[in-house]
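One structure is given here, and the rest of the page talks about it.
The values are calculated or read from the model by the stated rules, or taken from the named source; none is laboratory data. Because the structure is a prediction, the values reported are computed rather than measured. Methodologically, a virtual Cβ is constructed for each residue, glycine included, from the backbone with ideal geometry; neighbour enumeration extends over all protein chains shown.
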Ligand SMILES: [Zn+2]
């Protein structure tokens, strides 16, 4: 009996030690969390501007400049952000700024410049008495010619899309593979049209809607869903379509939300890829969405236009036909449960849809500049409606294709 008691108290002691260890490990990993940016400030004028990042903890940084359009890029060791959504500053030499996770381990701030500028000085002022460290960057206006020579050629060269597609005669598991691509992410917030309406940027809407779509598609048991991103991180447009290509996907769906100057415009639109846009609005939208890499401080010198042109040729007519077939099913299903635009099917030259031999569509779920859409697009109920419409359209699309084969 007493032996049992001893054993019991030993177990209790072990439990205590284990729980304590857990908390020690948990807490130390907590304190080792990424440093936090608590504020950013701008000062100065049209010739000299100072940009200050306040950060709790140490984060090494690297800077570089990009031309066409003129930008200054600051890469930090991964940090968390506790500041506003970014956007227009209109201060000194800087027009806009944005920030976010660029790659795991690296956070990025991109500043759009009013005039070509260089970083004339950068240094750290250590915070005393628990105050945050200040990373200070001084920008100085220079001529465009000097700016262009400062911009160094990137080391990374454009790579052709590797042909890793599985031959079609290889038997596949029963499930169709759907790639869901939550638009934007990291220091590319997407459109900020909703920030004034409800404080939400496009990248937040796209990720939460996409997670729900994945859940609904997978719950059917018929589909395996791969997300191009499942956290707030940046991905180049090319990397997104490569996910579909690499995984030999059956469908690629890119999720976005639009913004418009008139707040009364609302409703969803489905876009497919064409070389010539279906209308002016579609062309303008594609131009905006295609800016994602520029916004993110990716140097497009390593992505020459010629590559883009070769890639569009790779998209066979058959893939385009299948994309249109899916888009039609989707439009008729979406219409039943959420508001769609009058012309719900449009097409334009979306970079994210180029270069993949996978039927693909881009959905603009609604307008963040419209108060009703902005509100609905943050509700799970709406995400469920969208997810169920996509599921029905996907089912019909595959049934139809199966019947043709
Ligand atoms: Zn977008």
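Within segment 172-185, take every residue that is buried (at least 20 other Cβ atoms within 10 Å of the Cβ) and away from the ligand (no atom under 13 Å from the Cβ) and give me the one that is farthest from residue 229 (Cα to Cα).
As a first pass, look at segment 172-185 and keep what is buried (at least 20 other Cβ atoms within 10 Å of the Cβ): 178-185.
Imposing the further condition that a residue be away from the ligand (no atom under 13 Å from the Cβ) reduces the set to 178-180.
Details: 178: 14, 179: 10, 180: 9 Å.
Taking the candidates together, the pick is 178.
Could you check, for segment 297-304, whether at least one of its residues is surrounded by 19 or more Cβ atoms within 10 Å (Cβ to Cβ) and at pLDDT 75 or above?
First, the residues of segment 297-304 that are surrounded by 19 or more Cβ atoms within 10 Å (Cβ to Cβ): 297-299, 303.
Subset that is at pLDDT 75 or above: none.
No - not one qualifying residue is present in segment 297-304.
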Open item on the list: Return the pair list, or none, for Cβ contacts closer than 8 Å from residues in segment 319-336 that are on the phi > 0 side of the Ramachandran plot and assigned by TED's automatic domain parsing to the domain that holds residue 353 to residues that are in a helix (DSSP H, G or I) and modelled with pLDDT of 95 or more, at least 6 apart or on different chains.
Closed with: none
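Scan segment 337-356 and tell me whether some residue there is out of contact with any strand residue (DSSP E or B) (no Cβ under 9 Å at 6 or more places or on another chain), part of a loop (DSSP other than H, G, I, E, B), closer than 22 Å to residue 182 by Cβ and at pLDDT below 95.
Of all residues in segment 337-356, those out of contact with any strand residue (DSSP E or B) (no Cβ under 9 Å at 6 or more places or on another chain) come to 337, 342, 351, 355.
Those still in the list that are part of a loop (DSSP other than H, G, I, E, B) too: 355.
Checking which are closer than 22 Å to residue 182 by Cβ leaves us with 355.
From what is left, the residues that are at pLDDT below 95 are 355.
Yes; the residues of segment 337-356 include at least one that is out of contact with any strand residue (DSSP E or B) (no Cβ under 9 Å at 6 or more places or on another chain), part of a loop (DSSP other than H, G, I, E, B), closer than 22 Å to residue 182 by Cβ and at pLDDT below 95.
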Open item on the list: Taking the condition of being at pLDDT 80 or above and more than 13 Å from the chain's Cα centre (by Cα), how many residues in segment 163-185 meet it?
Closed with: 6
Task: Subset of segment 341-368 [within 22 Å of residue 194 (Cβ to Cβ), more than 13 Å from the ligand (Cβ to nearest atom) and surrounded by 22 or more Cβ atoms within 10 Å (Cβ to Cβ)] - done: 346
- [ ] Among residues belonging to segment 228-250 that are touching a helix residue (DSSP H, G or I) at 6+ places or on another chain (Cβ under 6 Å) and either modelled with pLDDT of 90 or more or over 14 Å from residue 356 (Cα atoms) (or both), point out the one that is nearest to the ligand (Cβ to nearest atom).
- [x] 240
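This table checks each residue for (1) assigned by TED's automatic domain parsing to the domain that holds residue 74; (2) within 16 Å of the ligand (Cβ to nearest atom); (3) without any contact (Cβ under 8 Å) to a residue 60 or more places away in the chain.
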residue: 252; (1), (2), (3): no, yes, no
residue: 260; (1), (2), (3): no, yes, no
residue: 265; (1), (2), (3): no, yes, no
residue: 278; (1), (2), (3): no, no, no
residue: 287; (1), (2), (3): no, yes, yes
residue: 294; (1), (2), (3): no, yes, no
Open item on the list: Let me confirm something: among 276, 288, which residue is surrounded by fewer than 16 Cβ atoms within 10 Å (Cβ to Cβ), at pLDDT below 90 and closer than 30 Å to residue 107 by Cα?
Closed with: 288
Task: Considering residues of segment 186-208 that are near the ligand (Cβ under 10 Å from one of its atoms) and assigned to a helix (DSSP H, G or I) only, the residue farthest from the chain's Cα centre (by Cα) - done: 205
